[in-house]
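Reading through the structure tokens given below for one structure.
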Amino acid sequence: MSQPMSSDRRRFLSRIVLGAAALPLLRMTAAQADLPHLTPDDPAAKALGYTSDSSKIDPKASPTFKAGSHCAGCALFTAPASGDWGACGAFAGKAVNKNGWCMAYAAKG
């Protein structure tokens with residue numbers, strides 16, 4: 001009889017899948033500067049609880065948030081050559097703020 005998968009394991013596996021899907025985005029360079037900025041009103045942003053400023057997150061409202069977490073420290077984020085907005089594997093075709101955060105956050109190795 002198998003045991004049910006824990007939520008931590010599910011979260012880890014979903015981040016692995018997101019990371020694998022993001023690999024092609026890691027090759028983006030000049031093209032990422034042309035990406036439109038993701039807004040918190042975007043349906044995908046709402047689904048993952050994205051905010052462009054992680055310092056304004058209420059930890060009680062977002063229990064998966066850990067203090068100090070932000071897009072620049074996420075494995076899914078591709079840092080821009082300059083500026084505050086870079087590509088993210090969780091939001092294909094949109095740029096996220098390096099100071100933002102969402103529930104797809106996966107700390108860099």
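Taking the C-alpha atoms of segment 29-109, how large are the radius of gyration and the largest Cα-Cα span, Dmax, in Å?
11.7, 38
Which whole-Hz ³J(HN,Hα) couplings does segment 83-99 yield from phi under the Karplus relation 6.51 cos²θ - 1.76 cosθ + 1.60, θ = phi - 60°, glycine and proline marked x?
Ordered by residue, 3J(HN,Hα) equals x, 9, 10, x, 6, 9, x, 7, 10, 4, x, 10, 9, 10, 6, 4, 8 Hz.
In whole Hz, with x marking every Gly and Pro, tabulate ³J(HN,Hα) for segment 61-74 from phi via Karplus 6.51 cos²θ - 1.76 cosθ + 1.60, θ = phi - 60°.
Residue by residue, segment 61-74 yields 7, 10, x, 7, 6, 10, 3, x, 6, 7, 3, 4, x, 9 Hz.
Laboratory data are not the source of any read-out in this text; all were calculated from the coordinates shown. Remember, it's a predicted structure, so these values are computed and weren't measured experimentally.
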